[in-house]
Amino acid sequence: MTEPHVAKTSAASPARNAAARLAAVQALYQLELVPQKPERVVADFIAGTMPHEEGETPPPEFDHTLFAHIVMTASKRMAAIDALLAGVLDPRWSLARITRILHALLRAGVAELLPDSGALLPVDTPIIINDYVNIAHGFFAGKEPGMANALLDKIAKKVRQ
């Protein structure tokens, strides 16, 4: 049985896990833009056949198991994840006001924080949240990383008592 303060993940290196989290955010964003089967997007990402801009740096090696787990959990449990997110947002905000990339990032983070998400090895909550905040810094220069930190922390406290 998993301790309430940890999620489970694969035994890959921290860098490969962080890269898997970034790839999961990108995959969930793509699913938001072009609705399709999440299994197909996962397979395309793992095969390295995702379309990208000319001259773009290829993605770093990432843990395929963790990546697939996050994308599939977020896809299958999207309604519950969005309900959790809506429940911790400031009442003046709605999910519709959040940019698609931030929404994808939050969905990925929540999917991984869920205690019954079914991954492989325990990971402390701060490690998961820190990786998603670092990803947010890569996409945003404003207050979004702080918002991601606050929302993921609130949800972690709710789902990982």
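Okay, here's what the table says:
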{"quantity": "In sequence order, calculated HN-Hα J values of the stretch 63-79 (Karplus, 6.51, -1.76, 1.60; Hz; x Gly/Pro)", "calculated": "6, 5, 5, 5, 4, 4, 4, 5, 4, 5, 5, 4, 5, 6, 10, 4, 4"}
{"quantity": "Subset of 76/157; 76/158; 37/143 violating a 27 Å alpha-carbon distance limit", "calculated": "37/143"}
{"quantity": "5 angstrom amide H check on residue 123, placed H, neighbours 5+ away", "calculated": "7, 8, 9"}
{"quantity": "Neighbour-count order for 92, 100, 160, 21, fewest beta carbons within 10 angstrom listed first", "calculated": "92, 100, 160, 21"}
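A short reminder: the numbers here are calculations on the coordinates, not readings from a lab. Since this is a predicted model, take the numbers as computed values, not measurements. When we count neighbours, we look across all protein chains shown, and the Cβ atoms used for this are built from the backbone with ideal geometry, even at glycine.
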